1. Restricting attention to the range 10-105, which trypsin sites (Lys or Arg not before Pro) occupy a DSSP loop and are surrounded by at most 16 other Cβ atoms within 10 Å?
2. If you bin every alpha carbon distance in the chain into 5 Å steps from zero, what whole percent lands in each bin?
3. So which residue, out of TYR73, TYR59, TYR110, gets the largest mean-square fluctuation from a GNM of the chain using Cα contacts under 10 Å as springs?
4. How high is the relative contact order of the chain, in percent, counting Cα pairs under 8 Å that sit 6 or more residues apart?
5. So, for the chain, what is the accessible surface per residue at a probe of 1.4 Å, expressed in square angstrom?
Amino acid sequence: QVQLVESGGGLVQPGGSLRLSCVASGSIVGIYNMPWYRQAQVPDRELVAGITSGGTTTYADSVKGRFTISRDYAKNTVYLQMNSLKPVDTAVYYCNGGILQTGESRPKFYWGQGTQVTVSS
């Protein structure tokens, strides 16, 4: 069974920084895209940043220049470095992974449980 576990959330003042981590575990053959989403007081989750297996990154306009996504392929881990945080960044942050599991022919998408980020003075 594949699991994604996020960590690193918390309370931070405006202008501060946090680094989120997401570790994938289980019988993993390969990991494709590993994006970060967030969900505030809205029904839909917002795509924050993504990184492909080849290292290509994409960002939402609202976080460009402030957030950086990166991967450690050996550790099956994706990171989200968040700088210059604003109150509007307050949300539950989720990682998502397109993962090919042992015995499967196609990758499936998995979600972590989420980690709360609160930006407030």
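The values are calculated or read from the model by the stated rules, or taken from the named source; none is laboratory data. The model shown is predicted, which means the values in this text are computed figures rather than measured ones. FYI the Cβ positions are ideal-geometry reconstructions off the backbone, even for glycines, and counts take in every protein chain you see. Please note that ligands, DNA and RNA were not included when accessible areas were found on the heavy atoms of the full protein model with its side chains. Shrake-Rupley method; radii C 1.70, N 1.55, O 1.52, S 1.80 Å.
1. LYS64, ARG66
2. Taking every Cα pair in the chain, the percentages come to 2, 12, 23, 24, 18, 11, 6, 3, 1, 0.
3. The residue with the greatest mean-square fluctuation here is TYR73.
4. 37
5. It amounts to 53 Å² per residue over the chain.
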